[in-house]
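Remarks on the structure that follows.
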Amino acid sequence: MTRQMTGAKMVVQALKEQGVDVVFGYPGGAVLPIYDEIFQQNDIRHILVRHEQGAVHAAEGYARSTGKPGVVLVTSGPGATNAVTGLTDALMDSIPLVVLTGQVPTFMIGSDAFQEADTVGITRPCTKHNWLVKETDRLSATIHEAFHVATSGRPGPVLIDIPKDVQFASAAYQPKPKAGSRHYQPQVKGNMEMIEALVEAIETAEKPVLYTGGGVINSGPGASQLLRELAEATGIPVTSTLMGLGAYPASGRNWLGMLGMHGLYEANLAMHGCDLLINVGARFDDRITGRIDAFSPHSRKAHIDIDPSSINKVVKTDYPIVGDVGHVLEDLLKVWKARGRKANREALTKWWKQIDKWRAVDCLKFKQDGPVIRPQHAIARLEALTKGRDRYICTEVGQHQMWAAQYLGFEDPNRWMTSGGLGTMGYGFPASIGVQVAHPDALVINVAGEASWLMNMQEMGTAVQYRLPVKQFILNNERLGMVRQWQELLHGERYSHSWSESLPDFVKLAEAFGAKGIKCDDPADLDDAIMEMLDHDGPVIFDCLVEKHENCFPMIPSGEPHNKMLLGEASTKDAIGTKGAVLV
Amino acid sequence: MSALKIKKGSSKHSAYNLRPQFSDVQETHTLAVLVENEPGVLARVIGLFSGRGYNIDSLTVAEVDHQGHLSRITIVTTGTPQVIEQIKAQLGRIVPVHDVHDLTVEGRSVERELALLKVAGLGDKRVEALRLADIFRAQVVDSTLESFVFQLTGTPDKIDAFADLMRPLGLIEIARTGVAALARGT
């Protein structure tokens, strides 16, 4: 039975049918009918952010920590354009979002009306797909299709632009169609012949490595479980991209740590020295590969990815497998077991001995001495004092992000929210709000730099209004630390505009918003201060004043291969050649 | 779909077909892309090419199945084998794209383009233009005492050759449709 209703009511009805419980948004003229409907119901909670970019990042945090799509509702024109950074961020990191934007009425489109923007035109390159709905009778079907597209195959953000007259007009509501009835059906099962070939390669490999990425997380908790089973059963070491942290537990015995530009020594040298590289749901990003022609030069390469365009995009693959990580790993384990659970144990023992030698370098070692807090020490203490708790960590972008990835241990998927592909400063704070909304009783910490954090600091209002006890752990070096580091290594120590004068007093700032502020600048007080933050039942800004000139190591300089990594200050002289200098 | 005589697509499996090494030889390929005829679909395809820095040598588009809401886009593009594979994979993941065919590698195909050429001249030049048009089997579709409009169908090479011959004979304007292509056989 179909029911007649207004487009605005249809939006709320379709969201309910899709199981949406939270919408992050900001009202405006072109979405008022939808807001009116939201007012008249209690099933869907609306979180009022303070800026539309915050709404999208909050929805990303929600999506990453739950595995469900995040939903955003914003108005036309500036509402939509403010959402663009978040959409691009979600596209780069494959985060499922459904963004609803208001639009001027259909008869005014193209007339440069007030708050009009070509939203579908602007967001076409930064969404997985988008729609402008011009007839109310297409609206509910389009919303259902949008959820299907956002969550199928490689997930991503989608946008539906809804003109105001379409929201007012009435039409018949179309319920959610049955699964499998649509044209868009990405392939999830991998090619069995190729999986068989990869199993053969695993059986004989002398120096294999699993290189895992965000695709394992996106495939669901089952995929992480299968990855753990595969690693344990075969004895293959595991490294991960920034996006994939938590898929394999940091306490697992096969764990090498993160790889890439600021990855661990043992992880990068294992990648460089391996003879079989198994990429599971990662995409050979340039932060990972460094110089392409010297990347993992002696290995055969397998690549499991749900997106056919990821395969052979950057690195030529010997075992390409298009499919969902969970499905492929399940088949792979089945085949491996059926063939007698073989592995080259003798060679693997030698390989692990070599890896242990690299591990002995202890590339993350640092010394906390003197009266100033080292940023690594701050994160290490945060790790020690929160270990064992089911905590969710968000980050902004920069040095603190890399230190968080290096010094925090992740035991489970969906506990780590960070902007990987786009590198969006200002991501972490609103993301932490989205995570806390999804997990009201969990410990949610945003590890931040003061510069990134200030980019979306207006969301303090949101955190306080909804009593979200998010912990903002700000490593304050009064610098744009990563920019400063590159200027030191690359631009003759000319620190062009990479420091901030007149930073706010973060304690007073917290108090101005009605939250708690804590300041700490003495290593001796650090543990107590962190505990005070953790024990406070409400949002906290923690202003941790740290060493201002600390650099983030290890580091693979731009344009260099993995085995040319820098381990500390002594190795930085002329580390980056002129070719590397043009890279970012 | 079967009414369009298109074999099941290569788009989803294109990654398996990549040649052994990344070569830097430039190749020209003709791609047939079957898309949902919805607003903005052409912009998505063109935006993909400009956004990722691929070349478009020629592009034609028209609805081919009104009931099924399907349009066919024929794109001639140039790139290394790796880039061509990327283009196909990237096209394949656009949501309203149903199928991507590389007519250059999927067996033999016919390619045709239509051109209209306006040639103005008097005396011997006018006679010569008409004589060459006859050789090329171009039709006169408009004529004044000082000019002809020729209609010519053929491969892009043939149209290039005819245009080159017409240039000294008074070619003043040319309009070309771009390539339409179909696989040969069934």
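The requirement of being buried (at least 21 other Cβ atoms within 10 Å of the Cβ), of a type outside the set (D, E, K, R), more than 14 Å from chain A (Cβ to nearest Cβ) and closer than 25 Å to B:G53 by Cβ is fulfilled nowhere in the stretch B:169-178; no residue meets it.
Output the residue which, of all residues in the stretch A:130-145 that are crowded, with 23+ Cβ neighbours inside 10 Å and at the interface with chain B (Cβ under 10 Å from one of its Cβ atoms), is nearest to A:P105 (Cα to Cα). Only one residue tops the list, namely A:W131. Give the residues of the stretch B:38-69 that are out of contact with any strand residue (DSSP E or B) (no Cβ under 6 Å at 6 or more places or on another chain) and part of a strand (DSSP E or B), sorted by residue number. If the condition is that a residue be out of contact with any strand residue (DSSP E or B) (no Cβ under 6 Å at 6 or more places or on another chain) and part of a strand (DSSP E or B), then B:A62, B:D65 are the ones that fit. Candidates B:T144, B:T177: the one that is polar (S, T, N, Q) and within 27 Å of B:I75 (Cα to Cα) is B:T177. Which of the residues spanning the stretch A:282-322 are at negative phi and of a type in the set (F, W, Y)? If the condition is that a residue be at negative phi and of a type in the set (F, W, Y), then A:F295, A:Y319 are the ones that fit. The residues on offer are A:V49, A:V22, and the sole one that is surrounded by 23 or more Cβ atoms within 10 Å (Cβ to Cβ), within 17 Å of A:I433 (Cα to Cα), among the β-branched types (V, I, T) and within 27 Å of the chain's Cα centre (by Cα) is A:V49. For the stretch B:1-16, which positions are more than 10 Å from every other protein chain (Cβ to nearest Cβ) and either in contact with a strand residue (DSSP E or B) (Cβ under 9 Å, 6 or more places away or on another chain) or at pLDDT 50 or above (or both)? B:M1, B:A3, B:L4, B:K5, B:I6, B:K7, B:K8, B:G9, B:S10, listed by residue number. Taking the stretch A:196-235 as the range and being more than 29 Å from A:A63 (Cα to Cα), surrounded by 22 or more Cβ atoms within 10 Å (Cβ to Cβ) and within 29 Å of the chain's Cα centre (by Cα) as the test, the residues that pass are A:L198, A:P208, A:V209, A:T234. Does A:F410 satisfy the criteria of being in a loop (DSSP other than H, G, I, E, B) and either under 14 Å from A:M243 (Cα atoms) or modelled with pLDDT of 95 or more (or both)? Spelling it out, A:F410 is indeed in a loop (DSSP other than H, G, I, E, B) and either under 14 Å from A:M243 (Cα atoms) or modelled with pLDDT of 95 or more (or both).
Tallying residues that are within 12 Å of chain B (Cβ to nearest Cβ) and more than 29 Å from the chain's Cα centre (by Cα) within the stretch A:184-195 yields 2. Taking the criterion of being among the hydroxyl-bearing types (S, T, Y) and without any contact (Cβ under 8 Å) to a residue 60 or more places away in the chain, the residues of the stretch B:61-89 that qualify are B:S71, B:T77, B:T78, B:T80.
Going by the conditions given, is A:V149 surrounded by 21 or more Cβ atoms within 10 Å (Cβ to Cβ), within 12 Å of chain B (Cβ to nearest Cβ) and under 30 Å from A:A302 (Cα atoms)? Yes. The set of residues from the stretch A:142-164 being in a strand (DSSP E or B) and of a type in the set (V, I, T) comprises A:V158, A:I160, A:I162. At least 1 residues being farther than 20 Å from A:R381 by Cα is the threshold, and among the helices (runs of 4 or more DSSP H) wholly inside the stretch A:440-545 those reaching it are A:450-455, A:460-465, A:481-490, A:506-512. Against the list (1) charged (D, E, K, R); (2) surrounded by fewer than 24 Cβ atoms within 10 Å (Cβ to Cβ); (3) more than 23 Å from A:D307 (Cα to Cα); (4) at pLDDT 95 or above, the condition A:E193 fails is (3). Taken over the stretch A:463-520, the criterion of being touching a residue at least 40 places away in the same chain (Cβ under 8 Å) and of a type in the set (D, E) is satisfied by A:E478, A:E488. Exactly one residue out of B:L132, B:L145, B:L152 is assigned to a strand (DSSP E or B) and not assigned by TED's automatic domain parsing to the domain that holds B:T28, and it is B:L152. So, in the stretch B:33-70, how many residues would count as being under 15 Å from B:D99 (Cα atoms) and either in contact with a Cys (Cβ under 8 Å, 6 or more places away or on another chain) or more than 14 Å from chain A (Cβ to nearest Cβ) (or both)? Total meeting the criteria: 4. Residue-level analysis places A:M555 among those that are modelled with pLDDT under 95 and within 30 Å of A:R391 (Cβ to Cβ). The set of residues in the stretch A:111-129 being within 14 Å of chain B (Cβ to nearest Cβ), aliphatic (A, V, I, L, M) and more than 24 Å from the chain's Cα centre (by Cα) consists of A:V120 alone. Taking the residues in the stretch A:307-359 that are of a type in the set (A, V, I, L, M, F, W, C) and in contact with a His (Cβ under 9 Å, 6 or more places away or on another chain) as candidates, determine which candidate is nearest to the other protein chains (Cβ to nearest Cβ). Ranking the candidates gives A:I311 first.
Kindly evaluate A:T81 against the criterion of being in a helix (DSSP H, G or I), under 15 Å from the mean Cα position of the chain (by Cα) and either polar (S, T, N, Q) or surrounded by fewer than 24 Cβ atoms within 10 Å (Cβ to Cβ) (or both). The answer is no for A:T81. Among the residues making up the stretch B:86-115, none is more than 9 Å from chain A (Cβ to nearest Cβ), assigned to a loop (DSSP other than H, G, I, E, B) and under 30 Å from A:L159 (Cβ atoms). Of A:A171, A:A197, A:A141, all but one fail to be over 30 Å from A:D324 (Cβ atoms) and of a type in the set (A, V, I, L, M); the exception is A:A171.
The values are calculated or read from the model by the stated rules, or taken from the named source; none is laboratory data. Just so you know, these numbers come straight off a predicted model, no measurement behind them. No Cβ is skipped: glycine too gets one built from the backbone with ideal geometry, and neighbour counts run over all protein chains shown.
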